[in-house]
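J.: Mind having a look at this structure? Questions to follow.
The values are calculated or read from the model by the stated rules, or taken from the named source; none is laboratory data. Treat the numbers as computed from the prediction; the structure is a model and nothing was measured. No Cβ is skipped: glycine too gets one built from the backbone with ideal geometry, and neighbour counts run over all protein chains shown.
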Amino acid sequence: MNTLFAADLAHLSRREFLRLSGQGLLGLFGLPFLSRAGQALRLNEPGHSPSAEPVRMGRSVDDELEIFDKPTFSGELQQVYWRDLVFDIDEVVFGDMQPRHNRVWYHIKGKGFAHSGKIQPVELKTNTLVRAVPEGGRLAQVTVPYTDAIKDPLKPDEHASRLYYDTVHWVMDVSEDRNGKSWYKIWDDKRKRHFFAEPEHLHLLDAEDVTPISSTLPQEARRIEVHLRDQIVIAYENDEPVLITRAATGGKFIDGDYTTPFGNYITSRKRPSRHMASEDLAAPNSFDLPGVPWVSYITGGGISFHGTYWHNDFGKPRSHGCINLSCDAAEWIYRWTHPVVPFDQATWTDDSGTQVRVL
C-alpha cells in the first residue's frame, strides 16, 4: 500500500496524525493492517480495508524476480523469474525490517513470496473499439499488463514499443490492416511519429474521468509538501492532510547527483502523458518510458510529479530528480492541483499553480 486518501485519514485526530508522523511517517501506512497486526491480508477475505489496494495480478518489472519461501530476503530462494511475466497474487504481507523503506511482500500463488518493489500491480480488462476519435485525439489508458504496439498495420510484424498497464497515450485515429482488423493510431510525442496498438487493450478516457478534485476549494487553501528524508508526499486542504503517499525522489548514482532540490515551487505545467527517455531529467540513462502518466511539473528543467510503472519500490530515492509516485497518486495530484488542464490539451502552462514545498 502506497497511498492514503482523505477517507483513510478522516478518522484520525490531529494528535494521532502527529504521533504517526513522528514515526518517520511510515507508521501511517500500517493503518489498514492495524486490526490484524502481523497477519497476512488475504485478498479474497470479506471486509478487508479498501485502503490496502487489493492486488490480484502482478507484472515483474525487473530482470530478476526472486521468489522465497518466506517474506524475507534471508529466506530460502525458490526460483528466479524474469521481466514482464504476469503472476496471480493471493496475499499481501509485511516482511521483516529489511528493506526498511518497503516491507510489503506479495505471495505469488503456488510459488512463494516476492518483494513488492519488483512487481507492478496490474489488471486484465479488455475494451470495446471506439471509432469516434476527435481531430485533436483522445486520451487512452492501457488496461492490460502490457500490449505490444506495431509500427504499421500493413506490416504487423514490425514491433514499435511495449506499452504497460496504467500508461496513458493520445489516440489520434482508427486504422485497419489488410485483414480488416482495427488498430488505434497513437502519437509518440518524443519520437514525433505514430505507432499502432490493439483497441481492446486501451480504454478511451472521458472528460469525467479526469474532472478536478475539490474544485470549489480556493487555490490558497491547498498545498503540497515533499519530505525527502521520509520519501513522503502530503497534500493539505486548509492545513488538513487529504493525501499521503510514498514517493521515490531523486537519488545519487554513479553518473551524478540527481537529488530532488529543496525549495518552494508551483505546479506550473502539466501533461497527461509524456514519453520520457534517457535525455530527460526524469528518466535514468538508457531508460525509454513511453506514456508516463499524469505529469505535473514544478521546474522548467523537467522535475515533476508523475506516475511510475517501471518499479513499485517507493520509499527511497531512485529517480533522476523527479518525484516518482504510483499512477493512482500521480493522477490524484494531477486532478487536484492547479492549473486545470482542458481535457483535449496535450500540455498546459499557467503561473497560478499549486504551492509545493520540498523539504
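Here's the yes/no breakdown for (1) in contact with a Cys (Cβ under 7 Å, 6 or more places away or on another chain); (2) surrounded by 14 or more Cβ atoms within 10 Å (Cβ to Cβ); (3) not in a strand (DSSP E or B); (4) not assigned by TED's automatic domain parsing to the domain that holds residue 314:
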residue	(1), (2), (3), (4)
151	no, yes, no, yes
179	no, no, yes, yes
183	no, yes, no, yes
226	no, yes, no, no
229	no, no, yes, no
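J.: Can you name every residue in segment 315-359 that is polar (S, T, N, Q) and under 30 Å from residue 118 (Cα atoms)? Break it down stepwise before answering.
T.: Going residue by residue through segment 315-359, those that are polar (S, T, N, Q) are 319, 324, 326, 337, 345, 347, 349, 352, 354-355.
Those that are polar (S, T, N, Q) and under 30 Å from residue 118 (Cα atoms): 319, 324, 326, 337.
J.: Follow-up. Determine whether residue 336 is closer than 25 Å to residue 214 by Cβ and crowded, with 20+ Cβ neighbours inside 10 Å. Step through it out loud before you land on a result.
T.: Working: closer than 25 Å to residue 214 by Cβ: yes; crowded, with 20+ Cβ neighbours inside 10 Å: yes.
Yes.
J.: Could you check how many residues of segment 119-149 are in a strand (DSSP E or B) and among the acidic types (Asp, Glu)?
T.: 1
J.: Might you check whether a residue that is touching a strand residue (DSSP E or B) at 6+ places or on another chain (Cβ under 6 Å), among the small types (Gly, Ala, Ser) and modelled with pLDDT of 60 or more occurs anywhere in segment 23-40?
T.: For segment 23-40, residues touching a strand residue (DSSP E or B) at 6+ places or on another chain (Cβ under 6 Å), among the small types (Gly, Ala, Ser) and modelled with pLDDT of 60 or more: absent.
J.: Also, quick follow-up: Determine whether residue 320 is touching a Leu at 6+ places or on another chain (Cβ under 9 Å), free of Cβ contacts under 8 Å to residues at least 60 places away in the same chain and of a type outside the set (Gly, Ala, Ser).
T.: Values: touching a Leu at 6+ places or on another chain (Cβ under 9 Å): yes; free of Cβ contacts under 8 Å to residues at least 60 places away in the same chain: no; of a type outside the set (Gly, Ala, Ser): yes.
It is false that residue 320 is touching a Leu at 6+ places or on another chain (Cβ under 9 Å), free of Cβ contacts under 8 Å to residues at least 60 places away in the same chain and of a type outside the set (Gly, Ala, Ser).
J.: Out of (1) touching a Lys or Arg at 6+ places or on another chain (Cβ under 6 Å); (2) surrounded by 24 or more Cβ atoms within 10 Å (Cβ to Cβ); (3) not in a loop (DSSP other than H, G, I, E, B), what's the single condition that is false for residue 244?
T.: Single failed check for residue 244: (1).
The rows are residues; the columns are (1) within 20 Å of the chain's Cα centre (by Cα); (2) under 26 Å from residue 328 (Cβ atoms); (3) free of Cβ contacts under 8 Å to residues at least 12 places away in the same chain; (4) surrounded by fewer than 16 Cβ atoms within 10 Å (Cβ to Cβ).
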residue: 193; (1), (2), (3), (4): no, no, yes, yes
residue: 198; (1), (2), (3), (4): no, yes, no, no
residue: 203; (1), (2), (3), (4): yes, yes, no, no
residue: 213; (1), (2), (3), (4): yes, yes, no, no
residue: 256; (1), (2), (3), (4): no, no, yes, yes
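J.: Right, next: Tally up the residues in segment 304-352 that are of a type in the set (Ser, Thr, Tyr) and assigned to a strand (DSSP E or B), please. Before the answer, list the steps.
T.: To start, the set of residues in segment 304-352 that are of a type in the set (Ser, Thr, Tyr) comprises 304, 308-309, 319, 326, 334, 337, 347, 349, 352.
Now drop any that are not assigned to a strand (DSSP E or B), which leaves 304, 319, 349.
Number satisfying all stated conditions: 3.
J.: In segment 153-177, how many residues are under 20 Å from residue 128 (Cβ atoms) and assigned to a strand (DSSP E or B)?
T.: Number satisfying all stated conditions: 10.
J.: Follow-up question, since we're still on this one. Output yes when any residue across segment 254-264 is under 30 Å from residue 148 (Cα atoms), at pLDDT 95 or above and not in a loop (DSSP other than H, G, I, E, B), and no when none is. Can you show your working first?
T.: To start, the set of residues in segment 254-264 that are under 30 Å from residue 148 (Cα atoms) comprises none.
Checking segment 254-264: not a single residue is under 30 Å from residue 148 (Cα atoms), at pLDDT 95 or above and not in a loop (DSSP other than H, G, I, E, B).
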